[in-house]
Amino acid sequence: MQNVCTRGKSRTFYVKKDIPHDVRVAFGGKAQVWRSLGTTNKIEAIAKAHPILADIEAKIAAAREPQAVQPMPAKTPSATSGLLKRDQLLSAVEAWRVDAITRAHDTFFNGAADTFEDFGLEDMAHSERLYRLQQRKWSEIEKFDQRMVEALVSQGLAVSPEHPALAHIRNDFGAAWHDVESFTRQFRRGEFDAWPEDGGEAPAPPLRAPASVLRGVGSVAVSPSASGASLTLTELLERFITSKRPPDANAIRGYVRRLDEALDRPRVHEVTSAQMDEFAVDLRRFPVIKKPALNKLPFRRVLDWQERNPSAPLLSKKTQWKWFLSYKRLFDYAVSIDVIATNPVAAVMPKPKGEEKERLAYDADDIALIFSRPLFQGFDRAPTKAKVWGYRDQPGDTLVKDAQYWLPILGLWTGCRLEELAAAKAADVKHDAEGGWFLDLTERKLKTKQSQRRVPLHKALIGAGFVTYAREQQRRPDAYLFPDLPHDPEGRLSSSRTFTKWWGLWCEANNGKAGKIATPDKTFHSFRHSFKRACRDAGLGEEVHDLLTGHKGMSVGRGYGQGASLKVLAAAMEKVSYPAFPALP
């Protein structure tokens, strides 16, 4: 059956239905709807799918029904020809807000909602919409005014999209929509206490002031459980991300998720230093997670898995320290907004970073192995519509030049950090009359000030077709260089983290019996070490290859003269070579 399939590596069957463009607003803007069938038996799945598909088709048909919106007269509204009162509009917005949150609550509580993976593309799109609503960037939200009109119509208030009064309630509707999206996120995570309904009445205290007293301030209010002693870790986290906008927001969400699971979903004021100390001990036994199935398990079950698999690599001391640094920042924020009096992490904070194993460079054998694999030479495309096609480890005649193909090649021939490449815009690939093609990182917010640099493109990259690829991406305005990766404005590192996991699994699948690329001390960052070694082998001075890689040198004199010209750097770049690098088709 065409609409019944598995998703990713899961053996569970899903219903998948493409949503026509003209009715996507009714489905939250989604291009596809996925519903889990809760079975790995295909015959049973097909039987379960029929009523679900029928329900989706009915919703599509209902969405295409003509809307009972009466056009406003062309003349200026008057008291007898459609004059709208502010309180009337705001009351309708508030009623829509309550109805929408209640409907979402009931849908998720009964398991009837569409599902998508945490930190997947849909989840990141949801985070982006939340951010734009929080920042009141109405013009950047697709069909914002149309959604506002539909909300008013749903409350029996027929309004023309061109009515001038709508411009005066955008802030109010935006705040209401933000409430709906915030609660929907909580419900999706199985957190239902934040919306207590008693006898059909609106929750008290409400998220926002009653409609009759709302004014066009547009401030986003806090849920009833997000104030004072009743604040959960998840609610605190979302407020922290909205307020501080950390570049590693999605990573912090992952860290807080594990803490929340380990402490059995406490309220913020209930977290103690003793609990954090116990968690620090448990974290020393926590494994490095690469497989999605393992990542879905709760914290304690992951520890149980690790006990059954004692050879699995554990989180490094540096990573443990990064987790706790994020917790400290989060609880510092809680202290600053008077949610708690003291930070429970401060007394048990691990020592900074600790001892670390040095990352190793990919040597000549590794480079020969990696770039002779089917991913770069031609693979057998599995019969699936997925864009990634697994780990491309079986030889064939398919060659797809996407992020999975280009990022390792770029990492080797530029020495750039993964996050510098994965989050690049297509427009960052530029040409200079004297220096040739280069990657412009000067306008990016990167790890250090020295990281903001121009990186010449080696002739090996140009010969492989990278410039042609980049120019194709530049046809779309403000496009990312690798649009197939997830890009989240709240999480600058989101795209690189996604690829990091894939790369680790790819190395395991392509390592072979004699390979050395699937070891803990070799990661994507090893390409950067390989590049530094190649620079030294080519006789480049330390100052020059530091300028190429964005490293900060030790000499005080480096602070004078503002580096070197692009022409000089390009000439230096051409001296870099990898004799073991195989020819690419």
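Residues that are farther than 14 Å from Leu547 by Cβ and part of a loop (DSSP other than H, G, I, E, B) within segment 412-448 comprise Arg417, Ala423, Ala424, Ala433, Glu434, Glu443, Arg444, Lys445, Leu446, Lys447, listed in sequence order. Set side by side, the residues Glu181, Glu197, Glu201, Glu235 differ, and just one is at pLDDT 50 or above and not assigned by TED's automatic domain parsing to the domain that holds Ser139, which is Glu235. Is segment 319-330 home to any residue that is of a type in the set (A, V, I, L, M, F, W, C) and not in a helix (DSSP H, G or I)? The answer is no, given that none of the residues of segment 319-330 is of a type in the set (A, V, I, L, M, F, W, C) and not in a helix (DSSP H, G or I).
Yes/no matrix, rows are residues, columns are (1) hydrophobic (A, V, I, L, M, F, W, C); (2) in contact with a Pro (Cβ under 8 Å, 6 or more places away or on another chain); (3) surrounded by fewer than 20 Cβ atoms within 10 Å (Cβ to Cβ):
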| site | (1), (2), (3) |
| --- | --- |
| Phe299 | yes, no, yes |
| Leu315 | yes, yes, yes |
| Thr319 | no, no, yes |
| Tyr362 | no, no, no |
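Residues in segment 406-447 that are among the hydroxyl-bearing types (Ser, Thr, Tyr) and closer than 19 Å to Phe527 by Cβ: Thr414 only.
Of (1) part of a helix (DSSP H, G or I); (2) touching a residue at least 24 places away in the same chain (Cβ under 8 Å); (3) aliphatic (A, V, I, L, M), Val159 satisfies all except one. Which? For Val159, the failing item is (1).
For segment 392-421, the tally of residues that are touching a residue at least 40 places away in the same chain (Cβ under 8 Å) and out of contact with any strand residue (DSSP E or B) (no Cβ under 9 Å at 6 or more places or on another chain) stands at 14. For the structure I just gave you, tell me whether Lys290 is surrounded by fewer than 20 Cβ atoms within 10 Å (Cβ to Cβ) and touching a Gly at 6+ places or on another chain (Cβ under 7 Å). For Lys290, the condition - surrounded by fewer than 20 Cβ atoms within 10 Å (Cβ to Cβ) and touching a Gly at 6+ places or on another chain (Cβ under 7 Å) - is met. Of everything in segment 238-274, what is surrounded by fewer than 17 Cβ atoms within 10 Å (Cβ to Cβ) and either polar (S, T, N, Q) or outside the structural domain of Leu330 (by TED's automatic domain parsing) (or both)? Give them in sequence order. Across segment 238-274, the qualifying residues are Ser243, Thr272, Ser273.
Quick check on segment 129-156: of everything there that is more than 32 Å from the chain's Cα centre (by Cα) and in a loop (DSSP other than H, G, I, E, B), which residue is nearest to Asp179 (Cα to Cα)? For segment 129-156, the residue satisfying everything is Gln155.
Of the residues in segment 265-276, none is at pLDDT 90 or above, under 21 Å from Pro520 (Cβ atoms) and touching an Asp or Glu at 6+ places or on another chain (Cβ under 9 Å).
The values are calculated or read from the model by the stated rules, or taken from the named source; none is laboratory data. Just so it is clear, the structure is predicted and the values come from calculations on it, not from any experiment. Positions of Cβ are generated from backbone atoms using ideal geometry, with glycine treated the same way; all protein chains shown enter the neighbour counts.
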